[in-house]
Each structure stands twice: as C-alpha cells, then as structure tokens.
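Shown next, in structure tokens, is the structure this report addresses.
No value in this document is a laboratory result; all are computed from the given coordinates. All of these numbers come straight from a predicted model, not from anything done at the bench. Backbone-built Cβ (ideal geometry, glycine too); neighbour counts: all protein chains shown.
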Amino acid sequence: MKTGDVPQDREQSFYSGHQRACYAVDEQGRYVVVGSLGWEPENIVNGQANDAVRAEIAVALGRARRGETSTLAYHMARRQMDSSMLAAYSGTWRLRVWWHLRPQVFCRLPDKVLQRYAEALQLPLAELRLLPAEDDCERL
Amino acid sequence: MSGFEHRHAGHCESGTVAALLRHQGLDLSEPMVFGIGGGLFFLHLPWLRMGGIPLTSYRDAPRAIIKNIGKRFGIRWTQHRYRDPASGMRALNAFVDSGRPVGVQTSVYWLPYFPVEMRFHFNGHNLVVYGREGADYLISDPMAEMPVTCAAEDLQRARFAKGVFAPRGLTYYPEGVPRDPDIRPAVRDAIRATARRMVDMPVPMFGTRGIGWLARRLERWPEKLGAEKARKWVGSIVRMQEEIGTGGAGFRFIYAAFLQEAGDLLNNAALRECAIELTATGDRWRDFAVQGAQLVKNKRDDSEVYAKLATILRECADREQEIFTRLKTAV
C-alpha cells in the first residue's frame, strides 16, 4: 500500500474522528506510519458485527417482554455477555445464572443476589427488574 | 508526570513493548519489535470458536512478542497478577508514583475512550500507564494518536475483566535493557524462527498451509452453513485482518516494514526484495478484505464470490510460501 492509497473513508466510520495507524510505502519506497480515518470494507464488517449484537439484544428483549425469560437475560445481552461470562463477572456458576434467567425464579431473588448481578453488569439494582419502554436494542 | 513519549502504533502489543523499551533507553521501531518478537503468523482453527465463529488469526498468540523480545535480548520482565482488584490498583499506583511506566493488560470493553462500536469483550489489549492526575490515570494507548486519560474505576474494571484470557490485573515492565546491544543476531534468529513457523508446521491449520486450508473450507461455507452464517464468518475474517489493530493487511505491512529495516541493518538484498514481495502480498490481502466486505454488504449469495475469495487466499498462500521459504535461508 502506498501512502497516497491509505483510505480516508470518513463516511460511516466507527473510529468517530480518531485515526488508525497504517503502515504504507512512501514515494522513496520507505515504510512510514500514516493515520487512517476509516476504510469502507472495515466499516461494513464492523457494522455487520454491531448489527449482530443489536439483533441479539432485540431477541433477548422480545423474549423477556413475552415472559419467556427474566429481565436479566435482556440486561445480559445489552452487555454483550452470555451466561458463562456473566457467571464469571458475578462470581457464581453458569448453571445458577441459567436458573436465574427463568422469570418465575428471578422475581423471587433476594436483593443480595441481585446486587452481585448489578455490580457485574454495572447497572443500578432497580433497573435489573425493568425493561425499557421503547424497543431499545442499543448496547450499554 | 511528563517525560513519557507517546507514539501511535499499528498493534497494541508491539506498540506497548516498544514504548516501554524506549523509555528505558532501547529505541527500536514498532516494526522492529514486532519482527524480533516473532509477531507474524497465520492460523485457522474451525473448532475453537468465539461467539460461534471459528478463530482466524494473523499473528502469534497474545504475549508472544513480550516473551520473544525478552528471550532474544536477554531482558527480564517483571510481571505481576493480582487476585484482588483493590491491591492491583494500589500496586499500580506505587509503580506510577515512583515514576515507572508499566504495561498493563486490559479488556477493551470497559475502556471509555474507545469508540462504542469497537467495544467488544476482548481481553488481550495492552497499554502503558505512565502517571496519575487526581482520580484519572494517564495512559499511552498505542491504538490512540494521542495520550488519553481514564478514570480509576474504569481502568480497574478493564484490568480485572473476566472471561477468556482474563488479564487478572497483569502489569509488566522490563527490569533493565542492554546498552547499545548488537541487534543483528536477534533479527536473524527472529526471521528464521518466523519463516520456519510459516512454512514448516506439520499441521494443516498453521502458517501458509493454514491459508490454503481456509481457502478450501471457505469455498464450502455457503452450502454448509447457509448464506447468512457464511457471510458472518467471512466478515469475521476481515475483522481479524483489518479491524483488530494490525497496521493493515493482517500484520503483513508491518512485517514488510520490519524486513525492510532488517535488510538495511544487515545490508541484505534478499530481505529488501522479500519486503517488496510481502507488501504486494499485503495488497492482495487488502483485496480479499474489499471483496469479503462487498459480499457482506451486497448479500449476493452466489458461490462465484466465494470461489473468488478462495482464489485470492490461495494466491496469498503461494506468495507467502515463496517469501518465507526464501527467508529461511536468507539470513
């Protein structure tokens, strides 16, 4: 890649104004570092990965709204976590998290247990029991 | 807390190691550190999945550069991990308050200065903490153009992230660096080792054979996985190649920069030629990224596109086979 070819695709770039260091060859054939503001192919695949996250959150939200899972499942998805990661963050077992994803179990959990999830997910405890009014599929 | 020189880098680990060594008086470029650290590689492991997607990597395992730099220069790294986050932060404070910048392993998910759309649960990030200002830490993150700051609680969370490859608060710094070392033996040793790993691995998943292996498998993805999943897998390869801090073309450009510098250092024409060749191969990898991303965008599901992608991969495999075979004996 020549220095002049280092992409500067600002449009829809997820770098949000930051630059990425790219190695490219200058006029004399020497390698130098050139900042890139974005590259379309990169923006496309990053968009794909972020769409996948949003889709997972949407699924989790739908299931929680229908009462198929507890609200915890939605908040877990917003943090891009699965049950084993949430278990690691809250210092418990995966099977226990899985058990708490059932609405009828979750609604009877004491605050002491909820507090651990609140800390793991970096959320206020009260929010754990709630779902957003709108269809919010953005990550935290 | 001034006096720490920040440089924008292509890759977090080589950038962090280069910055720490430079601070102690051993001034090597990032490509030099990447090359001597034996950073370049290729592997594709279908059964090792993250988020259901097989692992494709263009480099050696995380921390390999730290280890290899230590080995080839006889530098000892002081490394600490901590069970308790609070004591990990106290230890970090003690380091920076005594004027010692330290390398720190973190997750990128909890670092607030990263763009939101890049914050995934990836625990293999490296950065330098070089000071404190009030409740904030002064950070030289090689991925950023400028030094950044980060609140103590965010940094603590990032250092004590959980899950795959959990950093457990790792801090590291070199115990001392050699004065004006002769780096030529290290360069020769590193080039031979990387070349051997690229072409002589007796298993199909690694090195240049791994690239051809990926090509064969990728061709079958649309029928095996269905259109959508196949596109997702192709997208993930492109991300590993371009998005996750590689300096472009899955570390091929940064390694070519290393070969160029090594060619001048050793006055070796073969190395310079290999640098040019690897740059051209990197351009083909960029073509792969362009075509792969187009597939993701257009959602056209003909197998022709996959055949085309596989053709580019095979070409990259052949070219790298030639380059690294030559490099085995060039130094």
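By the count of neighbouring beta-carbon atoms within 10 Å, fewest first, A:L131, B:L309, A:L114, B:L127 end up ordered A:L131, A:L114, B:L309, B:L127. How far is helix B:207-225 tilted off the main Cα axis of chain B, in degrees rounded to 10, range 0 to 90? Between helix and principal axis, roughly 70 degrees. In order along region A:23-29, the Karplus-derived 3J(HN,Hα) couplings, from 6.51 cos²θ - 1.76 cosθ + 1.60 at θ = phi - 60°, round to 8, 9, 9, 8, 4, 7, x Hz, and Gly and Pro are given as x. Across peptide B:145-158, the mean count of Cβ atoms from other chains lying within 10 Å of each residue's own Cβ comes to 1. Using the Karplus relation 6.51 cos²θ - 1.76 cosθ + 1.60 with θ = phi - 60°, the per-residue 3J(HN,Hα) values for region B:138-145 come to 8, 10, 9, 9, x, 6, 9, 5 Hz, with x marking Gly and Pro. Diffusion coefficient (Stokes-Einstein, Kirkwood radius over C-alpha pairs, 37 °C, 0.692 mPa s) for the protein assembly as shown: 140 µm²/s, rounded to a whole number.
The charge dipole of the protein assembly as shown, taken about the Cα centre with unit charges on the Cβ atoms of Lys, Arg (+1) and Asp, Glu (-1), comes to about 1920 debye, rounded to the nearest 20. For region B:175-272, what percent of Cα pairs sit more than 24 Å apart? The answer is 44 percent, as a whole percent.
Taking a ≥ b ≥ c as the square roots of the Cα gyration tensor eigenvalues, region B:164-227 comes out oblate, since a/c reaches at least 1.5 and a/b does not exceed b/c.
If you wrap chain A in the convex hull of its Cα atoms and look at it from every side, the mean projected area works out to 10.8 nm². Close amide-amide hydrogen proximity is noted between A:S70 and A:R102, each under 5 Å apart and 5 or more residues distant or on a separate chain (H modeled in the peptide plane; Pro and chain starts excluded).
Relative to the longest principal axis of the Cα atoms of chain B, the long axis of helix B:269-298 lies at roughly 70 degrees. Summed over all non-identical Cα pairs, the Kirkwood treatment of chain B gives a radius of 20.7 Å.
Mean per-residue shielding of peptide A:26-35 is 4, counting Cβ atoms of other chains within 10 Å of each Cβ. Taking each of B:K162/B:K224; B:K162/B:K299; B:K229/B:K308; A:K2/B:K232; B:K308/B:K328 in turn, the alpha-carbon distance tops 26 angstrom for B:K162/B:K224; B:K162/B:K299; A:K2/B:K232; B:K308/B:K328. Legend: mean number of C-beta atoms from other chains within 10 angstrom of residue C-beta atoms, peptide B:235-245, equals 4. In the protein assembly as shown, helices alone account for a calculated mean residue ellipticity at 222 nm of -16000 deg cm²/dmol, with every DSSP H run of four or more residues adding -39,500 (n - 2.57). Couplings 3J(HN,Hα) for region A:30-36, derived from phi with the Karplus relation 6.51 cos²θ - 1.76 cosθ + 1.60 (θ = phi - 60°), are 9, 6, 9, 8, 10, x, 10 Hz, where x marks Gly and Pro.
Each peptide in B:143-153, A:7-17 was scored by the mean count of other Cβ atoms within 10 Å over its residues; highest first, the order is B:143-153, A:7-17. In this structure the amide hydrogen of A:Q19, modeled in the peptide plane, comes within under 5 Å of the amide hydrogens of B:E145, none closer than 5 places in sequence on its chain. Size descriptors for region B:12-174: radius of gyration and Dmax over Cα atoms are 15.6, 47 Å. Global dimensions of region B:91-169 from alpha-carbon coordinates: Rg and Dmax equal 11.7, 36 Å. What you get for region B:12-174, charging only the Cβ of Lys and Arg (+1) and of Asp and Glu (-1), is a dipole of about 760 debye around the Cα centre.
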